[in-house]
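**Student:** I am attaching a structure below and will ask some questions about it afterwards.
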Amino acid sequence: MIAALRCVIVRDLRLAARRSSDVLTVVLFFVIVVSLFPLGIGPEPKLLRTVAPGVLWVAALLASMLALGRVFAADHADGTLEQMMLGATPLGLVVAAKVFAHWLISGLPLVLISPVLALQFDLSQELLGVLALSLALGTPVLSLIGAIGAALTLGLRGAGTLLSLLVLPLYVPVLVIGAGAAEAAASGLGGHAQLLLLGAMLIFAGAFAPWAAAVALRISVE
Amino acid sequence: MSINWFKYSSPQIFFPVAGRLALGFGVLAVLACAVGLYLGFFVAPTDAQQGESYRIIFIHVPAAWMSMFLYVIMAFWAGIGLAFNTRLSGMMASAIAPTGALFTFIALWTGSFWGKPTWGTWWVWDARLTSELILLFLYFGFMALQASIDDPRRADKAGALLALVGVVNVPIIYFSVKWWNTLHQGASVSLTKAPTMAATMLTGMLIMSFAFWFYSIAAILLRARCIMLERERSADWAGQYARGAA
């Protein structure tokens with residue numbers, strides 16, 4: 001079973017590597033959206049420092065949502081998904097592996113690049129760490145919740161906009177607590193409580209979301 | 001003798017029952033609404049601090065209760081539909097969503113009317129307001145998902161799963177007041193301690209919430225009847241009903 005999971009992860013990563021422009025598009029989207037905010041609200045450093053966690057979080061959330069359509073779409077189009085459903089490995093585990101691979105491709109780059117972008121907003125060094133850590137804990141939750149939406153909208157017309165309508169309200173707690181971590185650290189309270197809550201959300205979503213997504217896939221494909 | 005729990009899960013049997021129930025609850029809703037509004041607007045005393053503007057609670061609070069309660073009921077029918085694969089459960093869930101969205105919207109709208117004279121602003125990013133807004137988005141998402149799927153069976157099941165995932169949000173709404181420290185006052189009515197309002201106010205509010213309950217039941221059953229007719233139009237009984245009604 002572990003071998004099957006590793007196989008799914010390696011396969012998805014290899015497929016992504018062959019179409020590396022897809023990965024780059026998501027990262028570039030993130031960078032551009034974050035860079036637009038100072039242009040929109042003005043270059044006042046104090047203001048930028050205040051809004052930085054929220055801006056980075058919202059941009060990361062939108063970027064990871066844009067990438068969601070690709071979690072299952074290609075496998076659905078060429079029939080691989082049906083073979084995965086028929087296979088011996090439980091579908092929930094396959095989904096978990098696919099979501100993990102998807103996070104490595106679309107979530108992890110955002111986490112890695114976020115400190116550089118936060119420098120543009122004049123965030124202090126310790127806050128950079130808290131912000132990156134909150135994104136590292138939060139973006140997998142976004143991928144996990146998003147996988148349910150992606151599975152539900154598989155093959156529907158207008159799936160992209162519909163997906164955002166379904167998934168964005170469910171992202172709200174992650175956004176509030178994730179952006180709250182850096183804000184709490186900035187105000188001197190320390191972001192531990194928020195980071196722990198994010199960790200709890202990650203465990204909860206990791207345990208249940210793949211199975212919900214598996215059920216959604218069976219509904220969509222039957 | 002064993003009870004057939006699924007007797008009323010057949011649209012053919014439930015259709016006439018729903019019609020009679022909808023009529024009864026509709027009449028009750030009108031009566032309760034008349035009594036509740038009379039109590040609320042003419043009998044209940046003026047509030048010492050908020051003046052007359054507090055009277056919006058006779059609509060606001062019951063609507064907010066219903067908005068959350070209906071989401072749970074929708075998720076309940078959705079879960080039953082997924083577990084037992086009954087057609088009617090999915091129809092009930094789809095029938096509940098618009099009424100739930102309506103009450104969520106009323107709660108937000110009246111709340112903002114109340115907020116302007118009392119807090120001095122139409123809208124604040126307070127936990128309860130925000131989570132009520134998210135609840136509205138959840139209703140919209142549910143309806144949009146169902147509307148974009150042509151196959152009713154898939155629409156029911158996909159909506160059911162979404163409702164079950166979204167129902168996680170309802171407790172967050174309820175506990176958000178305690179989790180985040182915000183502007184909205186704590187609940188004035190609870191089961192564990194005496195309410196902090198005058199008895200007539202409480203009576204008026206409770207009667208109004210019964211009115212909203214009855215209205216919801218009537219509206220949902222009527223909508224469910226339409227959905228049943230539409231989906232079962234090829235069945236004999238639906239054809240006979242349509243010819244008889246025409």
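**Student:** Considering only the range A:116-142, state which residues are closer than 19 Å to A:Val31 by Cβ, modelled with pLDDT of 90 or more and of a type outside the set (A, V, I, L, M).
**Tutor:** A:Ser134, A:Gly138, A:Thr139
**Student:** Can B:Ala95 be described as under 22 Å from B:Ala211 (Cβ atoms) and within 14 Å of chain A (Cβ to nearest Cβ)?
**Tutor:** In short, no.
**Student:** Another one. So is A:Leu198 closer than 23 Å to B:Arg128 by Cβ, touching a residue at least 40 places away in the same chain (Cβ under 8 Å) and more than 9 Å from every other protein chain (Cβ to nearest Cβ) or not?
**Tutor:** Considered against the rule, which asks whether it is closer than 23 Å to B:Arg128 by Cβ, touching a residue at least 40 places away in the same chain (Cβ under 8 Å) and more than 9 Å from every other protein chain (Cβ to nearest Cβ), A:Leu198 comes out as yes.
**Student:** Here's another thing I want to ask about it. Do you know which of the residues in the range B:118-141 that are more than 29 Å from B:Gly51 (Cβ to Cβ) and aromatic (Phe, Trp, Tyr) is nearest to the other protein chains (Cβ to nearest Cβ)?
**Tutor:** Once the filter is applied, the top-ranked residue is B:Phe137.
**Student:** Also: Step by step: first the residues of the range A:131-170, then only those that are at the interface with another protein chain (Cβ under 7 Å from one of its Cβ atoms) and under 20 Å from A:Val221 (Cα atoms), then the one that is surrounded by the fewest Cβ atoms within 10 Å (Cβ to Cβ). Which residue is that?
**Tutor:** In this case the residue turns out to be A:Arg157.
**Student:** State whether the residues of the range A:117-125 include one that is in contact (Cβ under 8 Å) with a residue 24 or more places away in the chain, within 9 Å of chain B (Cβ to nearest Cβ) and crowded, with 20+ Cβ neighbours inside 10 Å.
**Tutor:** Among the residues of the range A:117-125, not one is in contact (Cβ under 8 Å) with a residue 24 or more places away in the chain, within 9 Å of chain B (Cβ to nearest Cβ) and crowded, with 20+ Cβ neighbours inside 10 Å, which makes the answer no.
**Student:** Next question, about the same structure. Within the range B:224-246, can you find the residues that are under 26 Å from the mean Cα position of the chain (by Cα) and of a type outside the set (Val, Ile, Thr)?
**Tutor:** Within the range B:224-246, B:Ala224, B:Arg225, B:Cys226, B:Met228, B:Leu229, B:Glu230, B:Arg231, B:Glu232 qualify.
**Student:** From the residues in the range B:68-92 that are within 14 Å of chain A (Cβ to nearest Cβ) and small (Gly, Ala, Ser), which one is farthest from B:Ile220 (Cα to Cα)?
**Tutor:** Among them, the one singled out is B:Ala83.
**Student:** What number of residues within the range B:232-243 are surrounded by fewer than 19 Cβ atoms within 10 Å (Cβ to Cβ) and assigned to a helix (DSSP H, G or I)?
**Tutor:** Number satisfying all stated conditions: 7.
**Student:** Assuming B:Trp122 fulfils every condition listed in (1) of a type in the set (A, V, I, L, M, F, W, C); (2) closer than 23 Å to A:Ser220 by Cβ; (3) not in a helix (DSSP H, G or I) apart from one, which condition is it?
**Tutor:** Exception for B:Trp122: condition (2).
**Student:** I want to confirm something. Restricting to the range A:171-182 and keeping residues that are closer than 14 Å to A:Leu133 by Cα and under 14 Å from the mean Cα position of the chain (by Cα), which single residue is farthest from the other protein chains (Cβ to nearest Cβ)?
**Tutor:** Only one residue fits best here, namely A:Gly178.
**Student:** So B:Ser112 passes all but one of these: (1) within 12 Å of another protein chain (Cβ to nearest Cβ); (2) at pLDDT 85 or above; (3) closer than 21 Å to B:Pro62 by Cβ. Which condition number does it fail?
**Tutor:** Unmet condition: (1).
**Student:** Just name the residue that is nearest to B:Glu230 (Cα to Cα) out of those in the range B:151-171 that are out of contact with any helix residue (DSSP H, G or I) (no Cβ under 7 Å at 6 or more places or on another chain) and more than 9 Å from every other protein chain (Cβ to nearest Cβ).
**Tutor:** My answer is B:Asp151.
**Student:** Filter the range A:153-203 down to the residues that are outside any helix (DSSP H, G or I) and over 22 Å from A:Gln125 (Cβ atoms) and list them by number.
**Tutor:** A:Thr153, A:Leu154, A:Gly155, A:Leu156, A:Arg157, A:Gly158
**Student:** Specify which of the listed residues (A:Pro210, A:Pro109) is surrounded by 19 or more Cβ atoms within 10 Å (Cβ to Cβ), within 17 Å of the chain's Cα centre (by Cα) and not small (Gly, Ala, Ser).
**Tutor:** A:Pro210
**Student:** Output the qualifying pairs, or none if there are none: Cβ atoms under 8 angstrom, residues six or more apart or on different chains, first residue in the range B:1-26 and within 17 Å of B:Arg231 (Cα to Cα), second residue among the hydroxyl-bearing types (Ser, Thr, Tyr) and in a helix (DSSP H, G or I).
**Tutor:** Short answer, once both residue conditions are applied: B:Ser9/B:Ser89; B:Phe14/B:Tyr8; B:Phe15/B:Tyr241.
**Student:** Still on this structure, I have one more. Among (1) within 25 Å of B:Ile56 (Cβ to Cβ); (2) in contact with a Lys or Arg (Cβ under 7 Å, 6 or more places away or on another chain), there is one condition B:Leu82 misses while meeting the rest; what is its number?
**Tutor:** Tallying (1) within 25 Å of B:Ile56 (Cβ to Cβ); (2) in contact with a Lys or Arg (Cβ under 7 Å, 6 or more places away or on another chain), B:Leu82 fails exactly one: (1).
The values are calculated or read from the model by the stated rules, or taken from the named source; none is laboratory data. Here the structure is a predicted model, which means the values were calculated and not measured. Ideal geometry is used to build each Cβ from the backbone, glycine not excepted, and the neighbour counts take in all protein chains shown.
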